[in-house]
1. Please go through region 29-47 and pick out each residue that is open to solvent by less than 80 Å² (accessible area, probe 1.4 Å) and modelled with pLDDT under 95.
2. Is there any pair with a first residue in region 135-149 that is within 18 Å of GLU162 (Cα to Cα) and modelled with pLDDT under 95 and a second that is surrounded by 10 or more Cβ atoms within 10 Å (Cβ to Cβ) and among the charged types (D, E, K, R) whose Cβ atoms are under 7 Å apart and which are 6 or more apart or on different chains, and what are they?
3. Determine which single condition LEU157 fails, assuming it passes every other condition in (1) open to solvent by less than 70 Å² (accessible area, probe 1.4 Å); (2) more than 24 Å from ASP32 (Cα to Cα); (3) assigned to a helix (DSSP H, G or I).
4. Answer with yes or no whether TYR64 is open to solvent by 70 Å² or more (accessible area, probe 1.4 Å), more than 16 Å from SER112 (Cα to Cα) and among the aromatic types (Phe, Trp, Tyr).
5. Anything in region 9-28 that is of a type outside the set (D, E, K, R) and open to solvent by 60 Å² or more (accessible area, probe 1.4 Å)? List them, or say none.
6. Of the residues VAL120, VAL168, which single one is of a type outside the set (Asp, Glu), within 24 Å of MET26 (Cα to Cα) and under 12 Å from the mean Cα position of the chain (by Cα)?
7. Might you let me know whether region 135-144 holds any residue that is touching a strand residue (DSSP E or B) at 6+ places or on another chain (Cβ under 9 Å), open to solvent by 20 Å² or more (accessible area, probe 1.4 Å), among the charged types (D, E, K, R) and within 15 Å of THR47 (Cα to Cα)?
Amino acid sequence: AEIKYDNLHDGQVVQVGSARVTAVLMNHPVMDFGYRIEADGKSVFFTGDHEPVQNLYSPGEDGYEELAEMIAARDAGLHAHMAEVDLLIADSMYTSDEYLQRAGWGHGTFDSSLQLARRVRARKLAFTHHDPQRTDDALDEIAAGVMSRRVDSDPELVFAREGMVIEV
């Protein structure tokens, strides 16, 4: 085989057969891209490793407003790449409680993924990148909790599992 490596940059579009793939820089301690894939009138966004950006300052502190504006601008650009995808595959490593001890590690939560899917109006959300220490039973329990908080306007929710195939 002939293998060729190309360095990608944020916003770069690559044609792969009939698919148009856009690389999007995500929030992670090391450089990490998510990808919007468009083909045959369908679209998918895969976040890879991604943690929503948090404001380091508390409301009222010097710098809070300025950083909040920067985060909002960054999120708007990111969300534009995810807008109205047929399938959002999102890093959902932690529960919200677990995240309190793991902030800054570069991974999202089930709740942050659902909020993201709502914001970008995704038609279907696949929660993925589960904590490898989590058992299937524990994941089923988390899934039941997430589903109990679902509202009618939410996208279809899927908890990714090894070998799963999702039709788009």
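The values are calculated or read from the model by the stated rules, or taken from the named source; none is laboratory data. All values reported here derive from a predicted model rather than from experimental measurement. Positions of Cβ are generated from backbone atoms using ideal geometry, with glycine treated the same way; all protein chains shown enter the neighbour counts. Ligands, DNA and RNA are excluded from the accessible area calculation, which covers all protein heavy atoms including side chains. Shrake-Rupley method; radii C 1.70, N 1.55, O 1.52, S 1.80 Å.
1. ASP32
2. none
3. Among (1) open to solvent by less than 70 Å² (accessible area, probe 1.4 Å); (2) more than 24 Å from ASP32 (Cα to Cα); (3) assigned to a helix (DSSP H, G or I), the lone unmet condition for LEU157 is (3).
4. Values: open to solvent by 70 Å² or more (accessible area, probe 1.4 Å): no; more than 16 Å from SER112 (Cα to Cα): yes; among the aromatic types (Phe, Trp, Tyr): yes.
No; evaluated as a whole, the condition is false for this residue.
5. Residues satisfying the conditions are HIS9, VAL13, GLN15, VAL16, GLY17, SER18.
6. Going through VAL120, VAL168 in turn, just one is of a type outside the set (Asp, Glu), within 24 Å of MET26 (Cα to Cα) and under 12 Å from the mean Cα position of the chain (by Cα): VAL120.
7. There is no residue in region 135-144 that is touching a strand residue (DSSP E or B) at 6+ places or on another chain (Cβ under 9 Å), open to solvent by 20 Å² or more (accessible area, probe 1.4 Å), among the charged types (D, E, K, R) and within 15 Å of THR47 (Cα to Cα).
Residues checked against (1) surrounded by 14 or more Cβ atoms within 10 Å (Cβ to Cβ); (2) assigned to a helix (DSSP H, G or I); (3) without any contact (Cβ under 8 Å) to a residue 40 or more places away in the chain:
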residue: ASP49; (1), (2), (3): yes, no, no
residue: LEU56; (1), (2), (3): no, no, yes
residue: LEU78; (1), (2), (3): yes, yes, no
residue: LEU88; (1), (2), (3): yes, no, no
residue: ARG102; (1), (2), (3): yes, no, yes
